[in-house]
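Undergrad: Attaching a single structure in structure tokens format; questions to follow.
The values are calculated or read from the model by the stated rules, or taken from the named source; none is laboratory data. Since this is a predicted model, take the numbers as computed values, not measurements. Ideal geometry is used to build each Cβ from the backbone, glycine not excepted, and the neighbour counts take in all protein chains shown. Accessible surface is based on the protein model in full, side chains and every heavy atom, while ligands, DNA and RNA are left aside. Shrake-Rupley method; radii C 1.70, N 1.55, O 1.52, S 1.80 Å.
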Amino acid sequence: MRRVLLPVLAVALLVAGAAPATAGTEAVSFVQVVEKEWSLVMSRTSVRAGRVTIEAVNFGTDAHDLVLQSKAKGSKPVRFKQMDPRGRTERTLRLPAGRYALWCSLPGHKAKGMKATLSVRG
Amino acid sequence: MAEIPRYSGPFGVPQAERLLWRAGFGPRRGEAAQLAKLGLDGAVLSLTRPAGEKWVGPPPRDEKGRRLAPGDAYGHDHLWWLDRMVRTSRPLVERMTLNWHDWFATSNSGVGSQQLMMAQNRLLRRFSLGSFRKLLIAITANPAMLLWLSGIDNRKDAPNENYGRELMELFTLGEGNGYTERDVREQARALTGWTSTWKRGKGRTDFRFDPKRHDPGMKVIFGKKGTFSWRDSVALTLRHPKHPPFFVEKLWSYFVPEPPSATTRAGLEALYRASFEVRPVLEAILRHPALYTGPRMVKPPVVYTAGLLRGLGRGVDTRSWVWLSENAGQRLFYPPNVAGWDDERWLDTNSFHGRWGIANTALEKFTLGDKNSKNVKVPNDPEAIVKGALALLGNPTIRPETRKELLAFARGSLAGATGWKAEAYPPLVANAVRQLLAVSPDLQTC
């Protein structure tokens, strides 16, 4: 039962967009997202599809968080935990090719400019 | 030209060790003996005019076995540079890069981009042994520096004095040394004109000089009148009579803990004034008797760490080095302020605790008596234990009194080791002796 469910779950997550990645020997790309009032700056705006470690760092004086969501239809957002100033959080995800929106979901922060788009190449 | 004294005493392993620590990150196993064979001149030239880079040792990884992404992952910047210090075959190039990082102290806390900090690091390395004039021009226009000291906000209708002030106070002349507040204001005007483009998601890019933002008006700097530009600002500062003494004293202080004599100072100043080249001044400092006969210096935390790893033959394989180094007072790419690190604080009660942690982590892969080393037999012999600890750390030269203390500790700890203790205690004592040796004054200083 478990053997059947896992591939199904993996396919479902890929269809939906970003999926948590399991550790392995596959190379991993890194993107650092520096957040502060009121910007969200990525260390690179484009990465290869596959395992990607997204690391958010809070260089601001307020708390911030990060949400990543594929711009493909039906995708679900991936939420990173909220960070205090000088805080840091990271998640390693399996990202298929496409465009991904990133933003801080704390009230008003996105509207003030804390948003960006990451391009994932196939 | 005043004659600069040259060291003429014996040049053996202890002198070669000191040279490798002051002008690098300490010797690998056997390296000091090899260097000693070259004699003083050969040894100095091998450092100041090195062959191409040849990395020695395993490539760096973080604790998850991942390759480093110095521009994209927290702490990987620190690990990436630490790895260069550990594996380099051009230690003075790397050490001078570190010295320039302290001299032009730029912190990512104000820059907010590891990519830009890496670019600055490459710049510092490119000019590590070359022309200070070219380095000063390049650093003035460097994006990380433009962000850190507000060069990017310095425009003709709103001059910002930040860079102009530090250019004189910290980089070229010294605090209040030959300039006035008016010079600061006029320097700021000369330095106007830098800008960049803001792109959502990318931040500031395309750093450039925009003549429209520059103040082309008449200025008076150091009593000279002209429509000075940012390049003139740098040139005027370098030609200031107070600059060579400042430069010489500051550069000297990275290698020798006591100020140079008047004769030495005059000789080094003349050498520097001739071309603004760093290499000839470095060569004179590295051949100077004060380096070999003067008091010891405290190793900066990253130098201490890199040296331990070089001695042990261990590569960079954990992100722990980031917080350990921070605890000891030196996080690379994050100097505490624009004046750089305060080396008076390298060995206080707080940072010493950090150094203890560094030694402990460096040695943990070599721990005796655990499941990874159960086949290693440690003799119940204090002499052998001390000898083994020295061998593990690359056989550094230590004072007889340090050896005596280590032996006394090992003897005392093994005194009651009979019966089952005769086998169980020696590995534990050996681990403790290694730690005590690694944190001894002999290894904390050089």
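Undergrad: Give me the compactness ratio for the range B:92-153, meaning the Cα radius of gyration over 2.2 N^0.38 Å.
TA: Compared with the compact-globule rule of thumb, the range B:92-153 sits at 1.03.
Undergrad: Looking at the range B:1-147, I'd like the Rg to Rh ratio, where Rg is from alpha-carbon atoms and Rh is Kirkwood's inverse mean 1/r. Please report the intermediate quantities before stating the final value.
TA: Numbers: Rg = 17.4 Å, Rh = 17.0 Å.
With Rg and the Kirkwood Rh in hand, the quotient comes to 1.02.
Undergrad: I've got another one for you. Across the residues of B:67-73, average count of Cβ atoms on other protein chains within 10 Å?
TA: Across B:67-73, the average partner-chain Cβ count within 10 Å equals 6.
Undergrad: Mind checking which of B:Pro60, B:Leu116, B:Leu167 is farthest towards the positive end of the range B:35-188's charge dipole, using Cβ charges of +1 (Lys, Arg) and -1 (Asp, Glu) about the Cα centre?
TA: Farthest towards the positive end: B:Pro60.
Undergrad: Tell me, what is a quarter of the convex hull surface for the C-alpha atoms of the range B:378-446, in nm² with one decimal? Numbers along the way, then the final one.
TA: Numbers: hull surface 16.1 nm².
Averaged projected area of the range B:378-446's Cα convex hull equals 4.0 nm².
Undergrad: If you don't mind, another one. Tell me the relative contact order for chain B as a rounded percent, counting alpha carbon contacts under 8 Å between residues six or more apart.
TA: Value for chain B: 20 percent.
Undergrad: Give me the net charge for the shell around B:Pro426: Cβ to Cβ below 10 angstrom, other residues only, Lys and Arg +1, Asp and Glu -1.
TA: 0
Undergrad: Averaged across the residues of A:30-38, what count of C-beta atoms belonging to other chains lies within 10 Å of each residue's C-beta?
TA: 4
Undergrad: Which of the lysines could be linked to B:Lys156 by a straight reach, that is with a Cα gap under 17 Å, when you skip same-chain ones fewer than 8 residues away?
TA: Of all the lysines, those that pass the test against B:Lys156 - Cα under 17 Å, at least 8 places apart if same chain - are B:Lys212, B:Lys219.
Undergrad: Quote the accessible area belonging to A:Trp103 in square angstrom, nearest 10, computed with a 1.4 Å probe and with ligands, DNA and RNA left uncounted.
TA: Near enough 40 Å² of accessible area.
Undergrad: Mean projection of the alpha-carbon convex hull of the protein assembly as shown over all orientations, in nm²?
TA: It is 32.3 nm².
Undergrad: What is the dipole size for the range B:1-154, taken about its Cα centre, with +1 at each Lys and Arg Cβ and -1 at each Asp and Glu Cβ, in debye to the nearest 20?
TA: 480
Undergrad: Could you tell me the extents of chain B's C-alpha atoms along the three principal axes, largest first, rounded to whole Å?
TA: 88, 57, 39
Undergrad: Taking the simple approach of a point 7 Å from Cα along Cα-to-Cβ for both B:Ser109 and B:Leu45, what is their distance in nm?
TA: Result: 4.5 nm between the two label points.
Undergrad: Mind checking which aspartates and glutamates have their Cα closer than 19 Å to the Cα of B:Lys242? Skip sequence neighbours fewer than 8 apart in that chain.
TA: Once the sequence-local aspartates and glutamates are set aside, what remains near B:Lys242 is B:Glu166, B:Glu169, B:Glu175, B:Glu181, B:Asp183, B:Glu186, B:Asp232, B:Glu269, B:Glu277.
Undergrad: Continuing with the same structure: Take B:Phe276, A:Phe59, A:Phe80 and sort them by solvent-accessible surface of the protein heavy atoms, 1.4 Å probe, largest at the top.
TA: Listed by decreasing accessible area, they come as A:Phe59, B:Phe276, A:Phe80.
Undergrad: Could you state how much accessible area B:Trp148 has, in square angstrom rounded to the nearest 10, with a 1.4 Å probe and all protein chains kept in place?
TA: Counting only protein heavy atoms, the figure is 50 Å².
Undergrad: Provide a whole-number value for the mean count of partner chain Cβ atoms within 10 Å of the Cβ atoms in peptide B:114-123.
TA: Average neighbour count from other chains, rounded to a whole number: 1.
Undergrad: A further question follows. Which residues in the range B:419-446 place their backbone N less than 18 Å from a point set 7 Å from the Cα of B:Arg399 along the Cα-to-Cβ direction?
TA: B:436-446
Undergrad: Right, next: When the Cα centres of the range B:52-110 and the range B:7-30 are compared, how far apart do they sit, in Å?
TA: For the range B:52-110 versus the range B:7-30, the Cα centre distance is 23 Å.
Undergrad: Could you compute the FRET efficiency for B:Glu364 and B:Ala158, with r as their C-beta to C-beta distance and R0 at 51 Å, rounded to 0.05?
TA: 0.40
Undergrad: Write down Rg/Rh for the range B:299-404, rounded to two decimals, with Rg from the C-alpha atoms and Rh from the Kirkwood relation over Cα pairs.
TA: Dividing the radius of gyration by the Kirkwood radius yields 1.03.
Undergrad: What does the charge dipole of the protein assembly as shown about its Cα centre add up to, to the nearest 20 debye, if the Cβ of each Lys and Arg holds +1 and the Cβ of each Asp and Glu holds -1?
TA: On the way: 84 positive and 52 negative charges, 464 e Å.
For the protein assembly as shown, the charge dipole is close to 2220 debye.
Undergrad: Please report how many Lys pairs in the range B:271-425 have alpha carbons closer than 27 angstrom, counting only residues at least 8 apart along the chain or sitting on separate chains.
TA: 18
Undergrad: Ok, one more. Under 16 Å Cα-Cα from A:Lys36, which lysines qualify once same-chain neighbours fewer than 8 residues away are excluded?
TA: A:Lys81, A:Lys110, A:Lys112, A:Lys115, B:Lys199, B:Lys202
Undergrad: At a probe size of 1.4 Å, how large is the accessible area of B:Arg204, to the nearest 10 Å²?
TA: 90
Undergrad: At 0.36 nm per residue, minus the direct Cα-Cα distance, what do B:Arg185 and B:Lys242 gain on full extension? Give it in nm, one decimal, please.
TA: Numbers: separation 57, 0.36 × 57 = 20.52 nm, distance 1.91 nm.
Length gained, B:Arg185 through B:Lys242: 18.6 nm.
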